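Notes for the one structure printed next.
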Amino acid sequence: MSMHPRHPASGPSEDPWERATAPLPSEANPSWMGHVQPENYRPAPGHQGRPVDTVVPPQVQGAVLKAGRSRSGLLVLTLGGSALAFLSLFLVVPFLLSATGTAGFLVGFLASLVPLSVVLLAVYIIDKWEPEPKRLLYFAFTWGAAVSIAVTLLIQPFFVLAFQFTDEADLQTYMATVQAPIVEEFAKSLGLLILLLLARKHFDGPVDGVVFAFTIAGGFAFTENILYFGRAIAESADPASSFAQVFLLRGVMSPFAHAIFTGTTGLIMGYAARRWHTGASVAAFLVGLLPAMFLHNRWNSMGQGFLVDYIMVQVPIFFLAIAGIILLRVAEKRLTRQRLLEYSASGWFTPAEVELLATIGGRRTALNWAGSYGRKKQMKEFLKAATHLANTRQRILSGRDVQLHQAEERQQLQRILALRAAVAG
């Protein structure tokens with residue numbers, strides 16, 4: 001594997017920091033995920049064997065300070081989320097204990113780990129190409145497991161007050177089909193909005209939206225399952241039978257129900273993240289709630305014909321979600337490859353290196369090669385840095401906050417050179 005950047009062909013060099021006047025290259029839009037407008041296209045900065053600093057114009061130097069602020073913002077988000085989750089426990093835990101009792105709570109907690117593990121495994125698989133920071137995934141999980149539950153508990157009494165009927169059965173139907181879809185999806189997706197507004201450097205596409213949405217929903221379902229599993233034990237004359245029925249329904253047949261509901265919101269917000277605009281983010285949050293609430297309503301509305309509706313409606317939706325995620329992953333990989341090819345044309349990578357960095361087989365080959373020399377850890381960092389670099393280039397081509405992203409690009413290119421040297425030994 002070559003560890004030295006290829007020099008571009010001789011000839012007049014373009015200024016990579018000015019808008020491109022030539023037509024949009026035919027390969028600039030390899031997939032529908034990262035569409036680029038012709039007026040926003042800029043060629044990648046050229047390397048030409050010189051130090052990185054010499055190809056960056058002086059006016060961009062000041063933007064580096066602004067780019068560094070994202071790290072402190074990530075810390076604030078993590079600490080703030082932890083504080084909110086901790087405070088939420090004072091409302092959530094007493095509520096669960098009062099509904100389930102101590103024994104029901106403990107059994108429900110342990111049983112809820114099973115569907116949670118399935119959802120988090122799916123998150124790991126989806127997120128494997130470009131892993132999100134663990135601190136953000138921690139925020140997403142704790143938001144779903146504690147904060148969104150607390151928000152739901154605080155808001156739902158107002159829906160009870162708004163109910164105009166006295167029939168208990170009608171009230172239960174109303175709470176399941178109206179209150180739950182509206183309040184729960186709002187509470188979960190509010191965490192997505194906070195992530196998009198405060199950590200948009202890491203929330204920059206539909207795959208990220210699905211990852212964060214699945215994590216939040218997994219946390220929410222985890223706490224909700226403790227309630228349902230524990231209550232089945234505490235309130236039934238035949239605890240074992242009741243628990244088995246509820247576990248089959250929630251732990252086996254529908255571990256991804258909440259993930260799919262909220263995943264639609266995350267998908268829509270992920271597309272809005274490509275526009276890098278606060279107004280578009282808030283609008284996507286509101287629009288994205290609609291399909292999530294609708295799917296949630298349809299699930300909770302299944303009654304006597306549950307099994308038929310489950311087979312004819314919910315199972316196809318589940319497989320449609322799987323197909324959609326596969327398409328997202330394919331599009332993400334194609335976009336990564338194309339953006340790295342643009343850096344290759346400017347001298348930062350050889351075409352062969354791009355194939356190693358931007359394909360699953362190539363990455364496996366690169367890791368095996370590096371492992372044989374005791375440098376697998378360095379190679380993992382190199383792969384991760386190259387993926388981040390491709391995403392930064394995509395943000396540059398979005399046309400918003402260009403100087404800020406070019407400053408990030410400069411830092412990442414410097415890091416690429418250092419990691420290349422570390423891998424080469």
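Cβ-Cβ distances below 9 Å connect the following pairs, each with a first residue in segment 119-131 that is free of Cβ contacts under 8 Å to residues at least 60 places away in the same chain and over 17 Å from residue 145 (Cβ atoms), a second residue that is outside any helix (DSSP H, G or I) and not hydroxyl-bearing (Ser, Thr, Tyr), and a separation of six or more residues or different chains: 124/131. On the basis of being touching a Pro at 6+ places or on another chain (Cβ under 9 Å), in a helix (DSSP H, G or I) and within 24 Å of residue 201 (Cα to Cα), does residue 138 make the cut? It is false that residue 138 is touching a Pro at 6+ places or on another chain (Cβ under 9 Å), in a helix (DSSP H, G or I) and within 24 Å of residue 201 (Cα to Cα). Among the candidates 288, 263, 279, the residue that is of a type outside the set (Lys, Arg), over 24 Å from residue 228 (Cβ atoms) and modelled with pLDDT of 95 or more is uniquely 288.
Tell me whether segment 165-188 contains one or more residues that are among the aromatic types (Phe, Trp, Tyr), under 24 Å from residue 303 (Cβ atoms) and surrounded by 14 or more Cβ atoms within 10 Å (Cβ to Cβ). Break it down stepwise before answering.
Taking segment 165-188 as the starting set, the residues that turn out to be among the aromatic types (Phe, Trp, Tyr) are 165, 174, 186.
Next, from what is left, pick out any that are under 24 Å from residue 303 (Cβ atoms): 165, 174.
Next, from what is left, pick out any that are surrounded by 14 or more Cβ atoms within 10 Å (Cβ to Cβ): 174.
Yes, segment 165-188 contains a residue that is among the aromatic types (Phe, Trp, Tyr), under 24 Å from residue 303 (Cβ atoms) and surrounded by 14 or more Cβ atoms within 10 Å (Cβ to Cβ).
State all residues of segment 375-401 that are surrounded by fewer than 16 Cβ atoms within 10 Å (Cβ to Cβ) and at pLDDT below 90; if no residue qualifies, say none. Result: 400, single match. One residue stands out among those in segment 266-307 that are in a loop (DSSP other than H, G, I, E, B) and in contact (Cβ under 8 Å) with a residue 40 or more places away in the chain: the one that is nearest to residue 212 (Cα to Cα), which is 274. A count restricted to segment 97-110 and to residues that are surrounded by fewer than 22 Cβ atoms within 10 Å (Cβ to Cβ) and under 30 Å from the mean Cα position of the chain (by Cα) stands at 2. If you go through segment 308-365 and keep only what is open to solvent by less than 20 Å² (accessible area, probe 1.4 Å), more than 22 Å from residue 274 (Cα to Cα) and in a helix (DSSP H, G or I), you end up with 344, 353, 354, 357, 362. So residue 152 ticks every box in (1) within 18 Å of residue 191 (Cβ to Cβ); (2) among the hydroxyl-bearing types (Ser, Thr, Tyr); (3) in contact (Cβ under 8 Å) with a residue 60 or more places away in the chain but one. Which box is left unticked? Evaluating residue 152 over (1) within 18 Å of residue 191 (Cβ to Cβ); (2) among the hydroxyl-bearing types (Ser, Thr, Tyr); (3) in contact (Cβ under 8 Å) with a residue 60 or more places away in the chain leaves (3) as the failure. Taken residue by residue, segment 236-250 has no member that is open to solvent by less than 10 Å² (accessible area, probe 1.4 Å) and among the aliphatic types (A, V, I, L, M).
Give me the residue from segment 112-147 that is among the polar types (S, T, N, Q) and closer than 19 Å to residue 250 by Cα and, out of that set, least open to solvent (accessible area, probe 1.4 Å).
Our first condition is that a residue be among the polar types (S, T, N, Q); within segment 112-147, this holds for 112, 117, 142.
If we keep only those that are closer than 19 Å to residue 250 by Cα too, we end up with 112, 117.
Details: 112: 0, 117: 71 Å².
Only one residue tops the list, namely 112.
The values are calculated or read from the model by the stated rules, or taken from the named source; none is laboratory data. Note that the coordinates shown come from a computational prediction; the quantities given were computed from them, not determined experimentally. Positions of Cβ are backbone-derived with ideal geometry, glycine not excepted, and every protein chain shown enters the neighbour counts. Side chains are part of the model used for accessible areas, which takes the heavy atoms of the whole protein and leaves out ligands, DNA and RNA. Shrake-Rupley method; radii C 1.70, N 1.55, O 1.52, S 1.80 Å.
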